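Chemist: Take a look at the following structure, please.
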Amino acid sequence: MPFLVYVEQRDGRIPKPCWQALSEGRRMADARGESLIACIMGNRVSDLADAIFEYGVDDLFLHEHESLARYETEPHAALLSDIQKKTSATIVLMGQTSMTRDLAPRVAERLGAGLVTDCTGMFWDDQGLLYLRPLYAGKVTARLRMHTPIQMVLLRPNIFPMAKKAGAGRVHRVVAEPSPARAKVVDIVWQQRDRPELTDAEIIVSGGRGLGKAEGFQLIEELADLLGAAVGASRAAVDAGWQGQPQQVGQTGKVVTPNLYVACGISGAVQHMAGMSTSRCIMAVNKDPEANIMKVADLSLEGDLYEVLPALMRGIEEKKQQRP
C-alpha cells in the first residue's frame, strides 16, 4: 500500500502544506512498513529534488516540460493519474491549497477514487484507515472511511507537523508529452503583499464589523506587522469593502489554522467560526462579553478595541525591547 504525495510548486516555490503532507505521508507509511512516493511537475524543477528527499521520500517522479510552467488542470490531472497507475499507490495525499482543491476532484474522477477534503486527522485501526473531518463549523468531527481501492486525501494546512527524515532518494524522470489543455491560462496576476500568506501564516490578526470603519484596519495591520502576522477579515468587513476577498476568513472564504488567531471586533458568526475554529489559540477583543467569539476564545479581552489594541502593542514593544 504505497503512499503517493503530490508536491505542488509555483515558480519554484513549494508551499508549506506540501511539506506537511510529505511528513504525514512518511509517518503513515512507516506505520505499515510501506514506501513513500512523491511527484512534482513543472518547468526546471529538478533543483527541488534534494529538499523533497529531506522529508523521507523513497521515490520521486519528476516531470519537467516547458508547457507545465503554469498550472493547468487537465494536463496535471492526466499526468498525476498516470503516475498513480505506474506506482500502484492506493493512498494519494495532497496539502490543501487553492490549486489542489481544483486538481484533486479531477484526479479522483479519473481514477474512480474516494476523496476526503479538509482532513484534520488520519490513523490506522483494524479495518484500515480512518479520516477525521470537521463539520458544521467545527461543532462536530466526522469519522470517515473510504471503501474505494484508491483513496485521495486533502490535508488541512497547519494541522500536521513537519518532520524531516532521510529517504532512499531515487529519482524517476517521466518522459511523456503533456496532453493539451482545452482551457488555457492566459495570464496570472499576483497580489502584492509584504505579509505572510493567509493559509500559511502562524499568526493571523483579523478585523470585523466592530471596527466600524475601513480606517480601523490600519490598527489591525499595525498589530499584524508587529507580530509578523497575516491580516484577515470577516465576511461583513469584506462585504463593506474594507478588505479584499482574498483576506476573508470563513465558510465562504479561507479556512485557516494558525497557532494564534486574534479576532478584533468579530462577533463569531457560525460561518466565520467554520474558517478558524481549529486555530491552536484564539484571542478575542470585543466590547460585547456575550459575543459568541468571546465564549469560544482561549483569551478574551473585553473593551473598546481602539483602546485595547494600542495598549497591547505597547506591551509587545516593551517586551521586545527587554529581550537580550
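What follows draws every value from the coordinates through simple rules; no lab data is involved. From a predicted model like this one, the values you see are computed outputs, not experimental measurements. All Cβ positions, even for glycine, are placed from backbone atoms using ideal geometry, and neighbour counts span all protein chains on display.
Chemist: When DSSP assigns beta bridges and you keep just the ones with both residues in region 3-173, what percent turn out antiparallel, to the nearest 5?
Modeler: Around 30 percent of the beta bridges assigned by DSSP in region 3-173 are antiparallel ones.
Chemist: Please report, in debye to the nearest 20, how large the charge dipole of the chain is about its Cα centre when each Lys and Arg carries +1 at its beta carbon and each Asp and Glu carries -1 there.
Modeler: 560
Chemist: Also, quick follow-up: For a 22 Å ceiling on Cα separation, which of these pairs sit above it: LYS16/LYS165; LYS16/LYS320; LYS16/LYS164; LYS139/LYS295?
Modeler: LYS16/LYS320
Chemist: If you find the alpha carbon centre of region 219-289 and of region 98-133, how far apart are they in angstrom?
Modeler: 27
Chemist: Net charge near ARG209, counting Lys/Arg +1 and Asp/Glu -1 over other residues with Cβ under 15 Å of its Cβ?
Modeler: Neighbour charge sum, excluding ARG209 itself: -1.
Chemist: Mind checking the angle between helix 98-111 and the chain's longest principal axis? C-alpha axes, 0 to 90 degrees, to the nearest 10.
Modeler: Roughly 30 degrees, rounded to the nearest 10.
Chemist: Kindly put LEU36, LEU132, LEU79 in sequence by how many other C-beta atoms sit within 10 Å of each C-beta, fewest to most.
Modeler: So the ranking, lowest neighbour count to highest, is LEU132, LEU79, LEU36.
Chemist: Which far-off residues, 5 or more places away or on another chain, put their amide H under 5 Å from the one on GLY121, with H placed in the peptide plane?
Modeler: Those qualifying (amide H under 5 Å, at least 5 residues apart or on another chain) are LEU132.
Chemist: Taking only Cα atoms, what is the 0 to 90° angle, nearest 10, from helix 217-227's long axis to the longest principal axis of the chain?
Modeler: Helix 217-227 sits at roughly 60 degrees to that axis.
Chemist: Now a separate question. Please report the net charge: other residues with Cβ closer than 10 Å to the Cβ of LYS164, K and R +1, D and E -1.
Modeler: In short, +1.
Chemist: Can I ask one more? Could you compute the net charge surrounding VAL238? Neighbours are other residues with a C-beta less than 13 Å from the C-beta of VAL238; K and R count +1, D and E count -1.
Modeler: With Lys, Arg at +1 and Asp, Glu at -1, the net is +2.
Chemist: Going by how many other beta carbons lie within 10 Å of each one, how would you line up MET41, MET99, MET276, fewest first?
Modeler: In order of increasing Cβ crowding within 10 Å: MET99, MET41, MET276.
Chemist: Ok, one more. Cα gyration tensor of region 1-84, axes a ≥ b ≥ c as square roots of the eigenvalues: rounded (a/c below 1.5), prolate (a/b > b/c) or oblate?
Modeler: prolate
Chemist: Can you give the extra length, in nm with one decimal, that the chain gains between GLU66 and ASP304 once fully stretched, where that is 0.36 nm per residue apart less the Cα-Cα distance?
Modeler: 80.2 nm is the gain from fully extending GLU66 to ASP304.
Chemist: Additional query: What ranking do ARG27, ARG145 get, fewest neighbouring Cβ atoms within 10 angstrom at the top?
Modeler: On the way: ARG27 17, ARG145 13.
Taking fewest neighbouring Cβ atoms as first place, the list is ARG145, ARG27.
Chemist: Is the shape of region 83-170 best called rounded, prolate or oblate, per the rule: a/c under 1.5 gives rounded, else a/b larger than b/c gives prolate, else oblate, with a ≥ b ≥ c the square roots of the Cα gyration tensor eigenvalues?
Modeler: It is rounded, given that a/c, with a ≥ b ≥ c, falls under 1.5.
Chemist: Moving on. Sort the chain into rounded, prolate or oblate with this rule: let a ≥ b ≥ c be the square roots of the eigenvalues of the Cα gyration tensor; rounded if a/c is under 1.5, and if a/c is not under 1.5, prolate when a/b is larger than b/c, oblate otherwise. Provide the component values of the computation, followed by the final result.
Modeler: On the way: a/c = 2.01, a/b = 1.78, b/c = 1.13.
Prolate, since a/c reaches 1.5 and a/b exceeds b/c.
Chemist: How large is the convex hull of the Cα atoms of region 3-173 per residue, expressed in Å³ as a whole number?
Modeler: Normalising the Cα hull of region 3-173 by residue number yields 107 Å³.
Chemist: Among DSSP beta bridges lying fully in the chain, give the percent that are antiparallel, nearest 5.
Modeler: Roughly 20 percent of the DSSP beta bridges within the chain come out antiparallel.
Chemist: Expressed as a whole percent, how much of the Cα-Cα distance distribution for region 152-299 exceeds 23 Å?
Modeler: 44
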